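Report on one structure; see the data block that follows.
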Amino acid sequence: MKSKLSVIGCGYLGATHAACMSSLGFTVIGVDTDPVKVAMLSRGELPFYEPGLDTLLAQEIKTGRLTFTTDFSAIADADIHFVCVGTPQSKDG
């Protein structure tokens, strides 16, 4: 059985990573603090443009392997956690 994955942060990088890992057969839970973004992704809608991702996202949600939530406790039993949040640079690097 493949590992259960979590993706923390569902922006450009996180949502893309989540959908791609799901397409490889992993069960993936994407978690984000933005309920509007989570609702859109859960419906198979993207809050940004990435060529081809809309089709992949919808396909993976239909398989049941890919879900999104704002509830961080939902990822407590994941085997692997990917942190995909913005890390803005400061003046000193």
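Taking the stated definitions as given, is G64 in contact with a Lys or Arg (Cβ under 8 Å, 6 or more places away or on another chain) and modelled with pLDDT of 95 or more? Steps first, please.
Numbers: in contact with a Lys or Arg (Cβ under 8 Å, 6 or more places away or on another chain): no; modelled with pLDDT of 95 or more: yes.
The answer is no for G64.
If the requirement is being among the aliphatic types (A, V, I, L, M), part of a helix (DSSP H, G or I) and touching an Asp or Glu at 6+ places or on another chain (Cβ under 9 Å), which of these qualifies: V28, V38?
Testing whether each residue is among the aliphatic types (A, V, I, L, M), part of a helix (DSSP H, G or I) and touching an Asp or Glu at 6+ places or on another chain (Cβ under 9 Å) leaves just V38.
Would you please name the residue that is surrounded by the most Cβ atoms within 10 Å (Cβ to Cβ), looking only at residues in the range 6-20 that are touching a residue at least 40 places away in the same chain (Cβ under 8 Å) and part of a helix (DSSP H, G or I)?
Residue satisfying both the conditions and the ranking: A18.
Assuming S3 fulfils every condition listed in (1) crowded, with 21+ Cβ neighbours inside 10 Å; (2) within 19 Å of F72 (Cβ to Cβ) apart from one, which condition is it?
(1)
Return the pair list, or none, for Cβ contacts closer than 9 Å from residues in the range 39-61 that are within 11 Å of Y12 (Cα to Cα) to residues that are part of a loop (DSSP other than H, G, I, E, B), at least 6 apart or on different chains.
Here the result reads P47/C10; P47/G11; P47/D34; F48/G11; L53/L46, each pair linking the range 39-61 to a residue that is part of a loop (DSSP other than H, G, I, E, B).
Would you check which residues across the range 22-51 are crowded, with 22+ Cβ neighbours inside 10 Å and over 15 Å from T69 (Cα atoms) and list them?
Passing the criteria: only S22.
Kindly indicate which of S90, S73 is more than 14 Å from the chain's Cα centre (by Cα), surrounded by fewer than 11 Cβ atoms within 10 Å (Cβ to Cβ), part of a helix (DSSP H, G or I) and not aromatic (F, W, Y). Full working, then the answer.
Numbers: S90 fails: part of a helix (DSSP H, G or I).
Every option except S73 fails the conditions.
Return the pairs, sorted by first residue and then second, in which the second residue is part of a loop (DSSP other than H, G, I, E, B), the first residue lies in the range 69-93 and is over 16 Å from A15 (Cβ atoms), the beta carbons are less than 7 Å apart, and the residues are 6+ apart or on different chains.
D79/S3; I80/S3
The values are calculated or read from the model by the stated rules, or taken from the named source; none is laboratory data. Given the structure is predicted, the values throughout are model-derived calculations rather than measurements. All Cβ positions, glycine included, derive from the backbone under ideal geometry; neighbour counts span all protein chains shown.
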